[in-house]
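Data block below; observations after.
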Amino acid sequence: MFLQLIDVLGTIAFAISGVLVAMDKKLDPFGVLIIGFVTAIGGGTLRDLLIGNTPVVWMRDANYMIIIITSVFFGVLFFNKLKYLRKSLFLFDTIGIGLYTIVGIEKGMEAGLIPAICIVLGIITASFGGVIRDILCNEIPVIFRKEIYATACILGGVAYFVLDYIPFTKNYATVGGILVVLLIRILAVRYKISLPTIYKSN
Amino acid sequence: MFLQLIDVLGTIAFAISGVLVAMDKKLDPFGVLIIGFVTAIGGGTLRDLLIGNTPVVWMRDANYMIIIITSVFFGVLFFNKLKYLRKSLFLFDTIGIGLYTIVGIEKGMEAGLIPAICIVLGIITASFGGVIRDILCNEIPVIFRKEIYATACILGGVAYFVLDYIPFTKNYATVGGILVVLLIRILAVRYKISLPTIYKSN
Amino acid sequence: MFLQLIDVLGTIAFAISGVLVAMDKKLDPFGVLIIGFVTAIGGGTLRDLLIGNTPVVWMRDANYMIIIITSVFFGVLFFNKLKYLRKSLFLFDTIGIGLYTIVGIEKGMEAGLIPAICIVLGIITASFGGVIRDILCNEIPVIFRKEIYATACILGGVAYFVLDYIPFTKNYATVGGILVVLLIRILAVRYKISLPTIYKSN
C-alpha cells in the first residue's frame, strides 16, 4: 500500500521530468507523450528484459499507462507553472529513484542473482529511464554529468542488504534502503556535494 | 499472401529509408548496411524482446536478411536516382508503417495483452526502426519532430479493434486497420495537417 | 583456459576503451565506470537478449563485474600514460573483437540459428559495446565511420564455418576464426586499407 503510493508518485515524477525535457526541445505533443512514457517505464523495462521477466511489467498492468498519460497531460497543461516547482519535482524524482532502486534489487533477488548484481539492477531500474530520455533528446545523459546519482543508489542498496542480513532489522530493509537513497541524494544537492574530480585542474 | 507481399515491401522501404539517411551522413558501406538493417528490423526486434518472443523474428527467418541486403545494395547503387523518387518511397514507408502497426497489434493479442497495450506495441513495431536509425545517426528522431505518425498508428489500431469487435466486419479488421493508417498519414502529409502546437507562439 | 584468458583480456580492453572515451568527454567518476561497464558488456548483453538467454551472462557470473571495475580503476589511474599506449590497446581491442565474434557465433549455433544469422550475432557481440559507448557519449558510432570492422568479423565468421565444415580442421575452427579477424583488422589498420568509397569524389 505504502510502496504502491510511492510507486505511483515515482512514475508521475519521471513522466513529468520527461515532459519538461521534451518541451524544452519543442517536440510535438506525441513526442512529449513518448518521452514521458519512456522516462517513466524505461528503467523497469530494461530490468525486466535483462532478467527475462517478459512481457515487461507495464504491458501486464495497464495502470502504468493510465498514470503516465494523465501525468503527461497535466505536465503539458501546467508547463509554465511547473518551472517554478522544479524543486518539489526534484523531491518526487528522488523518491522515485529511491523506490525503483529497491524494487530493482528485490526483482534481482527473486531471480536468484547475487547482491552486487542486484544493486546494479537497482541502479539500472532507477536511472535508465532518464538515460534513454536524454539519448532520445540528443543530450549526454545527465547521470553521467552531474550529481551523486549512482552513489546514492549503491549506498541505498548496501543499506538494504545490511538491514536484510540482520534478523532484528529485516523488516525495515525496504524502507531503510529507500530512505538512504533519498537522504544521500538530498544532502548531496543541498550541500552541493559531488564526486571528487578525476581530472587535473588547469 | 497479400500480407506477405506488403511485409516485403515494408521491409524494403524501411531498409532504403535507412540507406538514404546513412548516405546523407557519408557513412562507409558497412555503416550504410547496418543502418539499413537496423531500420528494417528494429521495430519488430524491440516488439519481440518486450513480449519475450525470442530468438527474435529475423533470427528465425533468413528471408529478412536476404531482402534487406538486396534492398541496401540497390539503394546504394541507385542513390542519386532515389532522391527523385522520395515521394514513392514515402508511400512504401507508409505501407510498411500500416502493416507493422497491425502486425504488432496481432502479436500483442497472441501474447494475451489488452487492446491499449497492443496498440502501443503496434506503434513500437512501426516506429522504433526509424527511431534507432535517427539515434545511430545522431539526430533527434523524426517521429518526435514532425508528421502525424503515432496518431495514424493509434487510429488504425482503434479501427482494427472496432472492426474486430463487430462480427460482421471481423474478417476485415486487418485490412481495415492498415488502410486507416495509410489514409490518415497520406491525408496529413497531402494537406499538411499536423498536431496542434502546445507552445505559445511568440 | 586459453579462451578464458583472451576473454578476460577482451573485457579489460573494452572497459579501458570506454574509460578513454568517457574521460575525453570529462564525465564524472561514475559516468566513466558506467561507460566502461557498458562498453565491456554491451555486445554480450544484446546477444543474450536477442536469443532469449536470460538473465544475461554478466548477471550470472560476478567475475565480469570484478574485472571491469578493476580495469576502470587502473584505466582512470593511468589515464595520462594510457594515451601513449593506445597502440597496444588497439591490439587488446582487436583480440577482444576476434574472440567476441566467435563466442557470438557459437552461442548462435547453440540456439539453433543458421550460419549467416550466427555471423550477424557475432558482429553484434563484438561491436555493440562500442556502439552504445559512442551513443551514450553523443558521437556517431566509430564502427559506422572508419576501419574495416564488420568486414573482419564477417570473414572471420566465414573462416570459422569453413574450418568447422571440414572434418580435418574442425578442431581449429575457433582459433582459426579468431586469427582471421585479428589478421584482417591488423593488416587493414597497418596498410590503411579501407572499404571502397560509395560516394563520388568532388
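Laboratory data are not the source of any read-out in this text; all were calculated from the coordinates shown. Just so it is clear, the model here is predicted, and its values are computed rather than measured. All Cβ positions, glycine included, derive from the backbone under ideal geometry; neighbour counts span all protein chains shown.
Okay, helix-only estimate at 222 nm for chain A: each DSSP H run of n ≥ 4 adds -39500 (n - 2.57), divide by all residues, round to 500 deg cm²/dmol; what do you get? Numbers along the way, then the final one.
Values: 9 runs with 151 residues, N = 202.
Counting only the DSSP helices, I get -25000 deg cm²/dmol.
Please find the FRET efficiency linking C:VAL158 to B:THR70, where r is the Cβ-Cβ separation and R0 is fixed at 25 Å, and quote it to the nearest 0.05. It would help to have the intermediate numbers written out before the result.
Working: r = 19 Å, r/R0 = 0.77.
According to the calculation, E is roughly 0.85.
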Q.
So, R0 is 30 Å and r is the distance between the beta-carbons of B:LYS26 and B:PHE90; what FRET efficiency does that work out to, to 0.05?
A. 0.85
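Under the definition of Cα pairs under 8 Å and six or more residues apart, what whole-number percent is the relative contact order of chain B?
On the way: 286 pairs, mean separation 44.5, N = 202.
Here the relative contact order equals 22 percent.
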Q. With N residues in the protein assembly as shown, what two-decimal value do you get for its Cα radius of gyration over 2.2 N^0.38 Å?
A. 0.96
Q: Please order B:ARG185, B:ARG190 by the number of other Cβ within 10 Å, starting at the fewest.
A: B:ARG190, B:ARG185
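Which residues make up the longest stretch of chain C that has no chymotrypsin sites (Phe, Trp or Tyr not before Pro) in a DSSP loop with at most 14 other Cβ atoms within 10 Å? Can you show the working numbers first?
Numbers: sites that count: C:PHE78, C:TYR191, C:TYR199.
The reported range is C:79-190.
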Q. How large is the dipole of the protein assembly as shown about the Cα centre if only Lys and Arg carry +1 and Asp and Glu carry -1, each at its Cβ, rounded to the nearest 20 debye?
A. 1980
Q) Which Rg and Dmax, in Å, describe the Cα atoms of the range B:2-140? A) 14.6, 46
Q) With respect to the cross-link table entries B:LYS26/B:LYS192; B:LYS107/B:LYS170; A:LYS26/B:LYS81, which display a Cα-Cα separation exceeding 27 Å? A) B:LYS26/B:LYS192; A:LYS26/B:LYS81
Q.
Give me the inter-chain shielding for B:134-141: mean count of other chain Cβ atoms within 10 Å, whole number please.
A. 5
